[in-house]
Amino acid sequence: MQLSLSIPALLFPAISLTMLAYNARYLAIASLIRQLHQKYQETESQTIGLQVKKLRKRLSIIKNMQAVAIISFLLAVITMFLIYINQDFWANTIFGISLLALLISLILSLIEVQLSTKALSIQLKDMEKN
């Protein structure tokens, strides 16, 4: 396959929007952690402690999602440079790695969404009991 500068450039908007979405998830979880921390200090509830553990895992996944998306973005830039200096073999190789990194980031996002949905389901069950 012959890469042109426009092909890796197509990843720029996708990765940028992905990073915005990941950052929004991070900020939402950070806010929730701060709220739960305050409640935990007031009540020392064991359920809040369990929620914090789940949030720690989600926060770790989001950090990894962001890191892999940034790597994908950097590799797309490197690909464009390699195309510019006529290094087609390396441009194709690096672009493939960039796509793989983006795929990993999206899979991590799917995992995090699943964890988020489970957490909300637990909260709803708890509310239904009361």
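The values are calculated or read from the model by the stated rules, or taken from the named source; none is laboratory data. Because the structure is predicted, anything quoted here is derived from the model rather than measured. Cβ sites come from the backbone with ideal geometry, for glycine too, and all protein chains shown count toward neighbours. Ligands, DNA and RNA are stripped out before the accessible areas are found, and what is left, the full protein with its side chains, is counted by its heavy atoms. Shrake-Rupley method; radii C 1.70, N 1.55, O 1.52, S 1.80 Å.
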(message) The conditions are (1) over 24 Å from residue 5 (Cα atoms); (2) of a type outside the set (Phe, Trp, Tyr); (3) modelled with pLDDT under 95; (4) open to solvent by 30 Å² or more (accessible area, probe 1.4 Å), and residue 30 fails exactly one of them. Which is it?
(response) (4)
(message) Being under 29 Å from residue 63 (Cβ atoms), assigned to a helix (DSSP H, G or I), of a type in the set (Ser, Thr, Tyr) and out of contact with any Lys or Arg (no Cβ under 9 Å at 6 or more places or on another chain) is the requirement here; does residue 116 meet it?
(response) no
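Could you check the range 87-113 and list, in sequence order, the residues that are of a type in the set (A, V, I, L, M), under 20 Å from residue 58 (Cα atoms) and open to solvent by less than 100 Å² (accessible area, probe 1.4 Å)? Talk me through it step by step, then tell me what you get.
Filtering the range 87-113 down to residues of a type in the set (A, V, I, L, M) leaves 91, 94, 97, 99-104, 106-108, 110-111, 113.
In the following step, the residues that additionally are under 20 Å from residue 58 (Cα atoms) were identified as 101-104, 106-108, 110-111, 113.
Residues satisfying the conditions are 101, 102, 103, 104, 106, 107, 108, 111, 113.
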(request) Looking only at the range 45-65, decide whether some residue is under 14 Å from residue 98 (Cα atoms) and either free of Cβ contacts under 8 Å to residues at least 24 places away in the same chain or assigned to a helix (DSSP H, G or I) (or both). (result) yes
(message) Filter the range 78-98 down to the residues that are among the hydrophobic types (A, V, I, L, M, F, W, C) and touching a residue at least 60 places away in the same chain (Cβ under 8 Å) and list them by number.
(response) 80, 83, 91, 95
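Out of 79, 117, report the one residue that is modelled with pLDDT under 95 and in contact with a Phe, Trp or Tyr (Cβ under 7 Å, 6 or more places away or on another chain).
Details: 117 fails: in contact with a Phe, Trp or Tyr (Cβ under 7 Å, 6 or more places away or on another chain).
The match here is 79.
Yes or no, residue by residue, for (1) surrounded by fewer than 15 Cβ atoms within 10 Å (Cβ to Cβ); (2) hydrophobic (A, V, I, L, M, F, W, C):
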position	(1), (2)
36	no, yes
46	yes, no
60	yes, no
65	no, yes
72	no, no
79	no, no
85	yes, yes
(request) Of the numbered conditions (1) out of contact with any helix residue (DSSP H, G or I) (no Cβ under 6 Å at 6 or more places or on another chain); (2) under 25 Å from residue 107 (Cβ atoms); (3) among the aromatic types (Phe, Trp, Tyr), residue 73 fails exactly one; give the number of that condition. (result) (1)
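Give the residues of the range 66-77 that are small (Gly, Ala, Ser) and either outside any helix (DSSP H, G or I) or touching a residue at least 40 places away in the same chain (Cβ under 8 Å) (or both), sorted by residue number. I'd like the intermediate steps shown before the answer.
Keep residues of the range 66-77 that are small (Gly, Ala, Ser), which gives 67, 69, 72, 76.
Selection gives 69, 72, 76.
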(message) Of the conditions (1) within 30 Å of residue 78 (Cα to Cα); (2) open to solvent by less than 50 Å² (accessible area, probe 1.4 Å); (3) of a type in the set (S, T, N, Q), residue 6 satisfies every one except a single condition; which number is it?
(response) (2)
